[in-house]
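A short worksheet on the structure shown next.
The values are calculated or read from the model by the stated rules, or taken from the named source; none is laboratory data. Given the structure is predicted, the values throughout are model-derived calculations rather than measurements. As a convention, Cβ positions derive from the backbone with ideal geometry for all residues, glycine included, and neighbour counts pool all protein chains shown. What goes into the accessible areas is simple: the full protein's heavy atoms, side chains included, and nothing from ligands, DNA or RNA. Shrake-Rupley method; radii C 1.70, N 1.55, O 1.52, S 1.80 Å.
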Amino acid sequence: MKVPAERLDQIANRFAELEARMASGQLEGEEFVQASRDYAELEPVAKVAAEVKAARAEIAELEDMLADPEMKAMAEEELAALRQRLPEAERQLAIAMLPRDSADNKPAMLEIRAGTGGDEAALFAGDLYRMYERFAAEQGWKVEPVSLSASEVGGFKEVVANVTGTGVFAKLKFESGVHRVQRVPETESGGRIHTSAATVAVLPEPDEVDVQIDPTELKIDTYRASGAGGQHVNTTDSAIRITHLPTGTVVTCQDGRSQHKNKEKALQVLRTRLYDAQREATQGAEAEARKAMVGSGDRSERIRTYNFPQGRVTDHRIGLTLQKLPQIIAGPGLGELIDALIAEDEAKRLAALNE
């Protein structure tokens, strides 16, 4: 897909305009925030566009030099190299210009729940949480637990955490779905391989202005927080349960000892879930298109299998198997899977655009 020269000029002019506004020192408050977002979104596009424009200009100059017998040999050599590089640069520009999900730059709420498999599923849910924690640390992101429900044998029945940083949702959004594990449980004396599962949901976290919640539509209950096995972890009614009456959405938080902080966290989770429901509703017309890409993000969709005996991880949506289970479950190796999912999504969207 060749981007017209006029479009390259438009991108360069718009980026120069944003640079000038940012450097003027005259922007304040929301105006500065919006300009910063626009700049960050356009910068990678402008960079690739500048490379394409420079390569095209150089090719034109070299083609003119072919008429000079003394310069012809050198020009032909440089032309061959440039003409080989330009198509990839054009492709990268086309990818950079693809419509982006407006939520890509938002932080995310990560929710992991033990599925089928009893205690082993809870242990696996704990493994997944630690995998994302370590991957987030590598990205320079911050992970803050919002709600934890520990299992008696270790791991988690459910864990909800807030992940903040640059491009969090863009990188984690394809992690939503059913993750399956095949391994010999620690509690299994016979050495038999068990199959368990955990569900992962990654939801973009909205700004407060994105979702307005009417306090009169909330039912708020307080109760005493309890830990694994049912024992009370403190002696005050600090745990919070919030029910959003219009939608029936229920959110609980008992992670902190402060009732006020638990209420804030619960409202944060509620706002995120309501925002996700709004996004699903507005994107309903695009549902089939989304399924044709890497995956719908549906939590009921089995997306990945972690096979411990064979040391492999398979992502079923793109048919990719990596013999790198220890590196992936440890966190750092997860980036290779995520990059492959993003690349596949971009390639399919680009192909659809060219049809």
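What are the ³J(HN,Hα) values, in whole Hz, obtained from phi via the Karplus relation 6.51 cos²θ - 1.76 cosθ + 1.60 with θ = phi - 60°, for each residue of segment 314-330 in sequence order, with x given for Gly and Pro?
After applying 6.51 cos²θ - 1.76 cosθ + 1.60, I find 10, 9, 6, 6, 10, x, 9, 10, 10, 8, 9, 4, x, 5, 6, 5, 7 Hz.
What are the extents of the Cα atoms of the chain along their three principal axes, in Å, largest first?
Taking the Cα atoms of the chain, the three principal extents are 89, 58, 35 Å.
About the Cα centre, and with charges only on the beta carbon of Lys, Arg (+1) and Asp, Glu (-1), how big is the dipole of segment 97-194? Nearest 20 debye, please.
In total the dipole reaches around 320 debye.
Can you work out the accessible area per residue across segment 315-355, with the rest of the protein chains kept in place, probe 1.4 Å, in square angstrom?
Solvent-accessible surface per residue comes out at 48 Å².
I need the calculated FRET efficiency for the pair GLN26 and ALA343, taking r as the beta carbon distance and R₀ as 35 Å, to the nearest 0.05.
With a Förster radius of 35 Å, E is 0.30.
Using the Cα gyration tensor of segment 1-81, with a ≥ b ≥ c the square roots of its eigenvalues, what is the shape: rounded (a/c below 1.5), prolate (a/b larger than b/c) or oblate (neither)?
prolate
Pick out, from GLY126, LEU27, LEU62, the residue whose Cα sits farthest towards the positive end of the charge dipole of segment 1-156, with +1 on the Cβ of Lys and Arg and -1 on the Cβ of Asp and Glu.
Checking the options against the dipole of segment 1-156, the answer is GLY126.
Give me, ordered by chain and number, the residues 5 or more places off VAL146 or on other chains with an amide H under 5 Å from its own placed amide H.
VAL160, ALA161, ASN162
Taking the Cα centroid of segment 1-73 and of segment 315-338, what is the distance between the two, rounded to the nearest whole Å?
So the two Cα centres are separated by 36 Å.
Ignoring any ligand, DNA or RNA, what whole percent of the accessible area of the chain comes from carbon and sulfur when the probe is 1.4 angstrom?
Reported share for carbon and sulfur atoms: 50 percent.
Dipole magnitude of the chain about its Cα centre, charges +1 at Lys/Arg Cβ and -1 at Asp/Glu Cβ only, in debye to the nearest 20?
1660
Could you tell me the relative contact order of the chain? Use alpha-carbon pairs under 8 Å, at least six residues apart, and round to a whole percent.
15 percent.
With a 1.4 Å probe and every protein chain left in place, work out the accessible area per residue of segment 6-128 in Å², rounded to a whole number.
On a per-residue basis, 58 Å².
Counting DSSP beta bridges in the chain, what percent are antiparallel, to the nearest 5?
DSSP beta bridges in the chain are roughly 90 percent antiparallel.
How large is the charge dipole for segment 36-166, taken about the Cα centre, if only the Cβ atoms of Lys, Arg (+1) and Asp, Glu (-1) carry charge, to the nearest 20 debye?
About 560 debye.
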